[in-house]
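Each remark here refers to the structure printed beneath this line.
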Amino acid sequence: MKFKFFILLNLYFLFIQNTLAQSEIVTTLNFIPKFGNAALILNDSTYPKNNGDSIKIESLKFYISNIEFLNNDKVIWQEKNSFHLVDASSATSMKIKLVIPPNITCNKIRFNLGIDSLVNVSGVLGGDLDPTKGMYWTWQSGYINFKLEGKSKKCKTRNNEFHFHLGGYQTPYSALQSITLNINNPEKISVVIDLQKLMNEIDLSKQNKIMSPSSEAVFLSKKISQLFSIK
Amino acid sequence: MKKKLLIFIFCGFCLVAFKLQETIFFTEPINWPKANYDFSKNPLSAQKIELGRALFYEPMLSRNNTISCASCHSQYTAFTHVDHDLSHGIDDRIGTRNSPALMNLAWHKLFMWDGAINHLDVQSLAPINHPDEMDEKIESVVTKLQKSKIYPGLFKKAFGDTVITGEYTLKAISQYMLTLVSANSKYDSVMRKQSTFTAQEKNGYNLFKKNCSSCHKEPLFTNLEFENNGLALDKSLNDFGRMKVTKKNSDSLKFKVPTLRNVEFSYPYMHDGRYKRLSDVLKHYTEKIQTSPTLAKQLQKPIILSSNEKVDLIAFLLTLTDKEFIFNPKFSYPKNIFLPKPQE
């Protein structure tokens, strides 16, 4: 008797689990890099900057972490193990799949641009955080939160290159940014990141290389957090 | 009822066996502080340690397959560089610092002379990437290992996966380094009351406790802090140590306090290898301390040692030699992996 009951109970749980799993929905968080109104195409197009300069972008990579949905400032859903490397050279990396419960009401999405300090001191990690992804500083521990590389005639550097590797997790040079955007529904979210606004603020003849944590890196990271908007 | 009890006992047994399996590879010597490394995130196993050992001796970690970790960290000199003041890397390039001896790393929190590295697992990235050391990228290391004959098998045994990743590679190297525990010198056996110091060593030990152990703290013989021990700045290197990382003036000229275990073998001494002999080191502490705003307060009053006392102090330092560590076959070049097996 007891035994039968046990089996029934098990079946019941299996059933519940299944229905729960089925009722979850998959939504995409889509990142769309742009330069003003133009789509951003790596290595190819030349984009006009304000002061008569024009630039090419060769690499754009950044970490998005700790994705959450909020309803009136109350967190209603958090992604577990939420670390995503968004790389403009990989179309799939720009569409982040999120598995969320159905029928949630929310009006905001919040995520970090970069990797938080706890993860930065946790040693080596896998997946998108694996150091082979080229987003880890080797001579001084820490993740690069945001990487932008390209060329401009204004840069009096080797091959006219500019390199912005922004990161740093220790005060006073913590570069991590939290970004909150208003959304209507969580089913499909497209986030535009407009690099023109950033590049117009930088005089590449003076500033063309940041490769370690610094106040400059913190300043630019703040600027970058303001480039994100809902399409 | 009886059956339940049996199951219970069996489970308990499994748990103990599981725990035992972990502790066999790493034990904290008695009366030592707790290790800092979080083993739960990288549980030790015989296969992972063995893989890490192979990787430590693997020249494929360098751009032109010539330099391995062991090139600069040789077991027979307590895992430091043999006879070079500044490290000697790929294409005979000379680095800017002396390679430290490696041991008891499970207790360390920050790595490198300036603490630029915050975790043992990411330590290896620094030499692999450094243009004067191995000048390679972890991405290509992984590709090379994946293509090799031996490594996919070794990774499969260790991690259950033939796909090699940066994470697995670095965790395996950590595992090997974690096993490098030196705790069996004459000093240790005296502390365990299994042998005794000579009168000279005993006197040296007292002098050591009075003058040195605030920084070179027992039982690790380092307090793992960053201190300025009064070395004059070498103008050709302009190395300000910890300040480079924290960007604070108060950290100028501070370097990680090195362990003095196996100091007999870890010459040349200091971050730039400026001293060849222990007598030079004692001369520094007694005669050559440079005052500067960050000089450690213990060294602001001159240390006075007679020539006999210097001899005694050195006699004590030599009791920190751990032959079992230096010659432990478990740490040495893994012939069984690298050399072809003789035909039967």
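The values are calculated or read from the model by the stated rules, or taken from the named source; none is laboratory data. If you're wondering where the values come from, they're calculated on a predicted model, not measured in any experiment. With ideal geometry, Cβ positions are generated from the backbone for all residues, glycine too; neighbour counts draw on all protein chains shown. For accessibility, only protein heavy atoms count, side chains too; no ligands or nucleic acids. Shrake-Rupley method; radii C 1.70, N 1.55, O 1.52, S 1.80 Å.
The table for this structure:
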quantity: Interchain or long-range residues, amide H under 5 Å from B:K254's placed H; calculated: B:R242, B:M243
quantity: For region A:107-125, residues shielded by at least 20 square angstrom of accessible area compared with the chain on its own, probe 1.4 Å; calculated: A:V121, A:S122, A:G123, A:V124
quantity: Gyration tensor (alpha-carbon) shape descriptor, region B:31-181, a/c threshold 1.5; calculated: oblate
quantity: Over chain B, relative contact order from alpha-carbon pairs under 8 Å, at least 6 apart, %; calculated: 20 percent
quantity: Angle between chain A longest axis and helix A:215-225 axis [Cα atoms, degrees, rounded to 10]; calculated: 60 degrees
quantity: Computed [θ] at 222 nm, helices only, for chain A once each DSSP H run of length n ≥ 4 contributes -39500 (n - 2.57); calculated: -5500 deg cm²/dmol
quantity: A:F31 accessible area, 1.4 Å probe, all protein chains in place, Å² to nearest 10; calculated: 10 Å²
quantity: Prolate/oblate/rounded label for chain B (Cα gyration tensor, a/c 1.5); calculated: oblate
quantity: Heavy-atom accessible surface that A and B bury in contact, both chains counted, 1.4 Å, Å² to 100; calculated: 1600 Å²
quantity: Dipole magnitude of the protein assembly as shown about its Cα centre (Cβ charges: Lys, Arg +1; Asp, Glu -1), debye to nearest 20; calculated: 980 debye
quantity: Probe 1.4 Å, protein heavy atoms only - accessible area per residue of region B:186-324 in square angstrom; calculated: 52 Å²
quantity: Share of carbon and sulfur in the accessible heavy-atom surface of chain B [1.4 Å probe, %]; calculated: 58 percent
quantity: Accessible surface of region A:154-231, 1.4 Å probe, proportion on carbon and sulfur as whole %; calculated: 45 percent
quantity: Relative contact order of chain A, pairs being alpha-carbon contacts under 8 Å that are 6 or more residues apart, as %; calculated: 23 percent
quantity: A:K223, A:K97, reordered so the largest accessible area comes first (probe 1.4 Å); calculated: A:K97, A:K223
quantity: Accessible area of B:L44 in the full protein assembly, 1.4 Å probe (Å², nearest 10); calculated: 10 Å²
quantity: Pair B:V311, A:T157: separation of 7 Å Cα→Cβ label points (nm); calculated: 6.1 nm
quantity: Cα gyration tensor category, rounded, prolate or oblate, for the protein assembly as shown with a/c compared to 1.5; calculated: oblate
quantity: Estimated FRET transfer efficiency (B:E225, B:I94; beta-carbon r; R0 35 Å; 0.05); calculated: 0.80
quantity: Residues along region B:116-161 losing 10 Å² or more of accessible surface when the other protein chains are present rather than the chain by itself (probe 1.4 Å); calculated: B:A116, B:I117, B:N118, B:H119, B:D121, B:V122, B:L125, B:A126, B:N129, B:I138, B:E139
quantity: C-alpha long axis of helix B:166-178 to longest principal axis of chain B, angle in °; calculated: 60 degrees
quantity: Å² per residue, accessible surface of region A:87-189 at 1.4 Å; calculated: 45 Å²
quantity: DSSP bridge orientation in the protein assembly as shown - percent antiparallel, rounded to nearest 5; calculated: 85 percent
quantity: Cα long-axis angle, helix A:2-23 against chain A (0 to 90 degrees, to the nearest 10); calculated: 30 degrees
quantity: Cα-centred dipole magnitude for region B:151-207, charges only on beta-carbon of K, R (+1) and D, E (-1), debye, nearest 20; calculated: 200 debye
quantity: Value at 222 nm in deg cm²/dmol, rounded to 500, when DSSP H runs of n ≥ 4 in chain B each add -39,500 (n - 2.57); calculated: -11000 deg cm²/dmol
